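Visitor: One structure follows; several queries about it will come next.
The values are calculated or read from the model by the stated rules, or taken from the named source; none is laboratory data. The shown structure was predicted, so the numbers you read here are calculated from the model rather than taken from an experiment. FYI the Cβ positions are ideal-geometry reconstructions off the backbone, even for glycines, and counts take in every protein chain you see.
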Amino acid sequence: MSVTATDLPPEALPEEARAELARAVTQLEGNSIAARLAALVGEPVEALKSRLPAAAQSMIDRAVRKALATAMRAALRSRPDRTPLPMDSNWFHRGLAAASGAAGGAFGLPGTLLELPVSTTLLLRQVAAVAAENGEDLADPAMAAECLKVFALGGRDPRDDAAEAGYFAVRIALAEALKGAVGRGVTGMMLPGFLGAVAARFGGPVALKLSAQAAPVIGAAAGAAVNLAFLEHFRGVAQGHFTVRRLERGYGAPEVQAAYQAIQAQRDARFAG
(Lines give C-alpha, C1' and ligand atoms only; values in the text may rest on other atoms or scores of the structure.)
Protein backbone atom coordinates (compact mmCIF):
# COMPACT_ATOMS: atom_id res chain seq x y z
CA MET A 1 0.00 0.00 0.00
CA SER A 2 1.42 3.37 -1.00
CA VAL A 3 1.34 6.53 1.08
CA THR A 4 -0.16 9.69 -0.39
CA ALA A 5 1.02 13.25 0.02
CA THR A 6 -1.99 14.09 2.19
CA ASP A 7 -0.81 11.61 4.84
CA LEU A 8 2.09 13.91 5.81
CA PRO A 9 2.01 16.87 8.20
CA PRO A 10 1.42 20.00 6.06
CA GLU A 11 4.48 21.76 7.47
CA ALA A 12 6.93 19.02 6.39
CA LEU A 13 7.46 19.85 2.68
CA PRO A 14 5.47 21.49 -0.12
CA GLU A 15 2.70 19.24 -1.43
CA GLU A 16 4.42 18.42 -4.71
CA ALA A 17 7.66 17.51 -2.91
CA ARG A 18 5.74 15.37 -0.41
CA ALA A 19 4.06 13.50 -3.25
CA GLU A 20 7.44 12.83 -4.88
CA LEU A 21 8.93 11.68 -1.60
CA ALA A 22 6.00 9.36 -0.96
CA ARG A 23 6.63 7.71 -4.33
CA ALA A 24 10.32 7.42 -3.49
CA VAL A 25 9.53 5.66 -0.21
CA THR A 26 7.39 3.15 -2.09
CA GLN A 27 10.19 2.56 -4.60
CA LEU A 28 12.89 2.19 -1.94
CA GLU A 29 10.97 0.29 0.72
CA GLY A 30 8.58 -1.78 -1.44
CA ASN A 31 8.82 -5.32 -2.74
CA SER A 32 12.33 -6.75 -2.88
CA ILE A 33 13.87 -8.18 -6.03
CA ALA A 34 13.83 -11.56 -4.25
CA ALA A 35 10.03 -11.41 -4.03
CA ARG A 36 9.79 -10.39 -7.68
CA LEU A 37 11.94 -13.27 -8.87
CA ALA A 38 10.11 -15.79 -6.69
CA ALA A 39 6.79 -14.63 -8.14
CA LEU A 40 8.22 -14.71 -11.67
CA VAL A 41 9.50 -18.28 -11.46
CA GLY A 42 6.64 -19.48 -9.26
CA GLU A 43 8.81 -20.78 -6.44
CA PRO A 44 9.54 -19.49 -2.92
CA VAL A 45 12.85 -17.74 -2.31
CA GLU A 46 14.27 -20.63 -0.29
CA ALA A 47 13.60 -23.03 -3.16
CA LEU A 48 15.42 -20.72 -5.53
CA LYS A 49 18.41 -20.53 -3.22
CA SER A 50 18.61 -24.30 -2.85
CA ARG A 51 18.75 -24.82 -6.62
CA LEU A 52 22.09 -23.09 -7.02
CA PRO A 53 24.95 -25.63 -6.87
CA ALA A 54 27.22 -25.29 -3.84
CA ALA A 55 30.25 -24.90 -6.08
CA ALA A 56 28.63 -21.91 -7.76
CA GLN A 57 28.18 -20.06 -4.49
CA SER A 58 31.91 -19.39 -4.22
CA MET A 59 31.97 -18.05 -7.78
CA ILE A 60 29.29 -15.43 -7.20
CA ASP A 61 31.36 -12.93 -5.21
CA ARG A 62 34.14 -12.88 -7.81
CA ALA A 63 31.61 -12.67 -10.65
CA VAL A 64 29.72 -9.81 -8.98
CA ARG A 65 32.87 -7.78 -8.28
CA LYS A 66 34.07 -8.25 -11.85
CA ALA A 67 30.65 -7.32 -13.23
CA LEU A 68 30.46 -4.15 -11.12
CA ALA A 69 33.97 -3.05 -12.09
CA THR A 70 33.35 -3.76 -15.78
CA ALA A 71 29.97 -2.02 -15.68
CA MET A 72 31.33 1.12 -14.07
CA ARG A 73 34.10 1.49 -16.64
CA ALA A 74 31.80 0.90 -19.60
CA ALA A 75 28.46 2.44 -18.63
CA LEU A 76 29.67 5.77 -17.30
CA ARG A 77 32.30 6.20 -20.02
CA SER A 78 29.45 6.40 -22.56
CA ARG A 79 27.61 9.27 -20.90
CA PRO A 80 23.85 8.51 -21.05
CA ASP A 81 23.08 12.22 -20.90
CA ARG A 82 25.10 12.89 -24.07
CA THR A 83 24.88 9.68 -26.08
CA PRO A 84 21.85 9.69 -28.44
CA LEU A 85 19.79 6.51 -28.58
CA PRO A 86 17.82 5.19 -31.55
CA MET A 87 14.60 5.10 -29.47
CA ASP A 88 13.16 5.88 -26.03
CA SER A 89 15.75 5.10 -23.34
CA ASN A 90 13.48 2.80 -21.34
CA TRP A 91 12.55 0.66 -24.34
CA PHE A 92 16.10 0.62 -25.64
CA HIS A 93 17.49 -0.73 -22.37
CA ARG A 94 14.58 -3.15 -21.96
CA GLY A 95 15.31 -4.63 -25.38
CA LEU A 96 19.03 -5.03 -24.72
CA ALA A 97 18.42 -6.47 -21.24
CA ALA A 98 15.97 -9.04 -22.57
CA ALA A 99 18.32 -10.02 -25.39
CA SER A 100 21.35 -10.45 -23.13
CA GLY A 101 19.32 -12.40 -20.58
CA ALA A 102 17.94 -14.72 -23.24
CA ALA A 103 21.43 -15.35 -24.59
CA GLY A 104 22.79 -16.12 -21.13
CA GLY A 105 19.85 -18.27 -20.07
CA ALA A 106 20.08 -20.38 -23.21
CA PHE A 107 23.46 -21.70 -22.05
CA GLY A 108 22.57 -22.33 -18.42
CA LEU A 109 24.74 -21.26 -15.49
CA PRO A 110 28.01 -20.78 -17.45
CA GLY A 111 26.22 -18.57 -19.98
CA THR A 112 24.57 -16.56 -17.23
CA LEU A 113 27.91 -15.91 -15.52
CA LEU A 114 29.37 -14.72 -18.83
CA GLU A 115 26.33 -12.53 -19.44
CA LEU A 116 26.39 -10.93 -15.98
CA PRO A 117 28.85 -8.09 -16.82
CA VAL A 118 26.73 -7.20 -19.87
CA SER A 119 23.44 -7.05 -17.99
CA THR A 120 25.07 -5.20 -15.09
CA THR A 121 26.44 -2.59 -17.51
CA LEU A 122 22.96 -2.11 -18.96
CA LEU A 123 21.57 -1.70 -15.46
CA LEU A 124 24.22 0.86 -14.50
CA ARG A 125 23.69 2.81 -17.70
CA GLN A 126 19.97 3.01 -16.96
CA VAL A 127 20.74 4.09 -13.39
CA ALA A 128 23.02 6.83 -14.73
CA ALA A 129 20.27 8.00 -17.09
CA VAL A 130 17.87 8.29 -14.15
CA ALA A 131 20.52 10.25 -12.23
CA ALA A 132 20.88 12.69 -15.14
CA GLU A 133 17.10 13.12 -15.34
CA ASN A 134 17.16 14.21 -11.69
CA GLY A 135 19.77 16.89 -12.25
CA GLU A 136 22.91 14.97 -11.27
CA ASP A 137 26.16 15.89 -13.00
CA LEU A 138 27.54 12.72 -14.58
CA ALA A 139 30.84 14.49 -15.21
CA ASP A 140 31.43 14.52 -11.45
CA PRO A 141 33.63 11.50 -10.56
CA ALA A 142 31.66 11.04 -7.33
CA MET A 143 28.57 10.27 -9.40
CA ALA A 144 30.03 6.89 -10.33
CA ALA A 145 29.80 5.94 -6.67
CA GLU A 146 26.24 7.27 -6.35
CA CYS A 147 25.18 5.12 -9.28
CA LEU A 148 26.89 2.05 -7.87
CA LYS A 149 25.13 2.62 -4.54
CA VAL A 150 21.84 1.82 -6.27
CA PHE A 151 22.96 -1.81 -6.59
CA ALA A 152 23.45 -2.01 -2.83
CA LEU A 153 20.20 -0.17 -2.08
CA GLY A 154 18.32 -2.44 -4.46
CA GLY A 155 19.76 -5.54 -2.81
CA ARG A 156 18.12 -4.76 0.52
CA ASP A 157 15.26 -6.92 1.76
CA PRO A 158 12.39 -5.11 3.53
CA ARG A 159 12.22 -8.04 5.95
CA ASP A 160 15.70 -7.24 7.30
CA ASP A 161 16.27 -5.24 10.48
CA ALA A 162 15.34 -1.67 9.51
CA ALA A 163 18.02 -0.28 11.82
CA GLU A 164 20.67 -1.94 9.65
CA ALA A 165 18.99 -2.24 6.26
CA GLY A 166 16.91 0.94 6.05
CA TYR A 167 17.56 3.30 3.16
CA PHE A 168 19.44 5.92 5.18
CA ALA A 169 21.33 3.27 7.18
CA VAL A 170 22.68 1.75 3.97
CA ARG A 171 23.57 5.19 2.60
CA ILE A 172 25.59 5.96 5.73
CA ALA A 173 27.36 2.60 5.61
CA LEU A 174 28.29 3.08 1.96
CA ALA A 175 29.49 6.63 2.65
CA GLU A 176 31.81 5.25 5.33
CA ALA A 177 33.16 2.63 2.92
CA LEU A 178 33.75 5.35 0.34
CA LYS A 179 35.80 7.70 2.53
CA GLY A 180 39.12 6.33 1.32
CA ALA A 181 38.14 6.99 -2.29
CA VAL A 182 37.68 10.75 -1.94
CA GLY A 183 39.65 12.58 -4.60
CA ARG A 184 40.69 9.44 -6.41
CA GLY A 185 38.06 9.44 -9.16
CA VAL A 186 37.07 6.17 -10.78
CA THR A 187 40.17 4.46 -9.37
CA GLY A 188 38.93 5.30 -5.90
CA MET A 189 35.56 3.78 -6.62
CA MET A 190 37.40 0.51 -7.19
CA LEU A 191 38.77 0.39 -3.65
CA PRO A 192 38.02 -3.04 -2.11
CA GLY A 193 36.14 -1.52 0.83
CA PHE A 194 33.56 0.30 -1.26
CA LEU A 195 33.26 -2.19 -4.10
CA GLY A 196 33.05 -4.99 -1.55
CA ALA A 197 30.26 -3.25 0.34
CA VAL A 198 28.24 -2.88 -2.85
CA ALA A 199 29.00 -6.42 -4.01
CA ALA A 200 27.99 -7.89 -0.66
CA ARG A 201 24.44 -6.53 -1.05
CA PHE A 202 24.17 -6.95 -4.82
CA GLY A 203 25.39 -10.55 -4.57
CA GLY A 204 22.13 -11.76 -3.01
CA PRO A 205 19.93 -10.69 -5.93
CA VAL A 206 22.53 -11.98 -8.40
CA ALA A 207 22.50 -15.41 -6.72
CA LEU A 208 18.72 -15.51 -7.09
CA LYS A 209 19.04 -14.39 -10.71
CA LEU A 210 21.42 -17.28 -11.40
CA SER A 211 19.09 -19.69 -9.61
CA ALA A 212 16.03 -18.50 -11.51
CA GLN A 213 17.79 -18.81 -14.86
CA ALA A 214 18.92 -22.32 -13.91
CA ALA A 215 15.29 -23.44 -13.66
CA PRO A 216 14.67 -26.61 -15.72
CA VAL A 217 13.02 -26.09 -19.11
CA ILE A 218 12.77 -22.30 -18.69
CA GLY A 219 16.22 -21.39 -20.07
CA ALA A 220 16.33 -18.44 -22.45
CA ALA A 221 12.79 -17.28 -21.67
CA ALA A 222 13.69 -17.05 -17.98
CA GLY A 223 16.88 -15.17 -18.79
CA ALA A 224 14.96 -12.47 -20.64
CA ALA A 225 12.22 -12.23 -18.00
CA VAL A 226 14.69 -12.13 -15.10
CA ASN A 227 16.75 -9.38 -16.73
CA LEU A 228 13.62 -7.32 -17.31
CA ALA A 229 12.61 -7.81 -13.68
CA PHE A 230 16.09 -6.68 -12.62
CA LEU A 231 15.90 -3.64 -14.89
CA GLU A 232 12.49 -2.57 -13.57
CA HIS A 233 13.51 -3.11 -9.95
CA PHE A 234 16.81 -1.23 -10.05
CA ARG A 235 15.41 1.55 -12.21
CA GLY A 236 12.71 2.07 -9.56
CA VAL A 237 15.34 2.10 -6.81
CA ALA A 238 17.38 4.61 -8.83
CA GLN A 239 14.34 6.83 -9.27
CA GLY A 240 13.71 6.74 -5.54
CA HIS A 241 17.33 7.37 -4.58
CA PHE A 242 17.93 10.27 -6.95
CA THR A 243 14.55 11.78 -6.13
CA VAL A 244 15.58 11.87 -2.46
CA ARG A 245 18.93 13.46 -3.39
CA ARG A 246 17.21 16.07 -5.57
CA LEU A 247 14.78 16.96 -2.79
CA GLU A 248 17.66 17.17 -0.31
CA ARG A 249 19.38 19.70 -2.55
CA GLY A 250 16.22 21.75 -2.69
CA TYR A 251 14.85 21.53 0.86
CA GLY A 252 17.76 20.33 3.02
CA ALA A 253 18.82 16.82 4.00
CA PRO A 254 17.47 16.90 7.61
CA GLU A 255 14.03 18.06 6.46
CA VAL A 256 13.79 15.44 3.74
CA GLN A 257 15.03 12.65 6.01
CA ALA A 258 12.48 13.57 8.69
CA ALA A 259 9.67 13.61 6.13
CA TYR A 260 10.88 10.32 4.64
CA GLN A 261 10.88 8.63 8.03
CA ALA A 262 7.39 10.00 8.77
CA ILE A 263 6.08 8.51 5.53
CA GLN A 264 7.81 5.21 6.22
CA ALA A 265 6.38 5.03 9.75
CA GLN A 266 2.87 5.63 8.43
CA ARG A 267 3.43 3.05 5.71
CA ASP A 268 4.66 0.44 8.20
CA ALA A 269 1.71 1.15 10.51
CA ARG A 270 -0.73 0.58 7.68
CA PHE A 271 0.88 -2.72 6.72
CA ALA A 272 0.86 -3.83 10.36
CA GLY A 273 -2.78 -2.83 10.83
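Visitor: Considering only helices (runs of 4 or more DSSP H) fully contained in the range 174-273, which possess at least 3 residues that are modelled with pLDDT of 85 or more?
Guide: Filter on the range 174-273 gives 192-213, 219-251, 253-272.
Visitor: Just to be sure before I move on: is Ala152 modelled with pLDDT of 70 or more and either assigned to a helix (DSSP H, G or I) or touching a Leu at 6+ places or on another chain (Cβ under 8 Å) (or both) in the structure I sent?
Guide: In short, yes.
Visitor: For the range 29-54: of the residues being part of a loop (DSSP other than H, G, I, E, B) and in contact with a helix residue (DSSP H, G or I) (Cβ under 9 Å, 6 or more places away or on another chain), which is surrounded by the fewest Cβ atoms within 10 Å (Cβ to Cβ)? Show your work before the answer.
Guide: First pass over the range 29-54, keeping only residues part of a loop (DSSP other than H, G, I, E, B): 30-32, 42-44, 52-53.
So of that shortlist, the ones also in contact with a helix residue (DSSP H, G or I) (Cβ under 9 Å, 6 or more places away or on another chain) come out as 30-32, 43-44, 52-53.
Numbers: Gly30: 17, Asn31: 13, Ser32: 21, Glu43: 17, Pro44: 13, Leu52: 18, Pro53: 11.
Looking at residues that are part of a loop (DSSP other than H, G, I, E, B) and in contact with a helix residue (DSSP H, G or I) (Cβ under 9 Å, 6 or more places away or on another chain), I get Pro53.
Visitor: Additional query: Filter the range 33-59 for residues that are within 22 Å of the chain's Cα centre (by Cα) and basic (Lys, Arg); which is modelled with the highest pLDDT?
Guide: Checked the range 33-59; the qualifying residue modelled with the highest pLDDT is Arg36.
Visitor: Out of the residues in the range 259-273 meeting the condition of being within 23 Å of the chain's Cα centre (by Cα) and over 14 Å from Ala24 (Cβ atoms), tell me which one is surrounded by the fewest Cβ atoms within 10 Å (Cβ to Cβ).
Guide: Ranking the candidates gives Ala265 first.
Visitor: So Arg62 ticks every box in (1) closer than 23 Å to Phe194 by Cα; (2) surrounded by fewer than 19 Cβ atoms within 10 Å (Cβ to Cβ); (3) at pLDDT below 80 but one. Which box is left unticked?
Guide: The number of the failed condition is (3).
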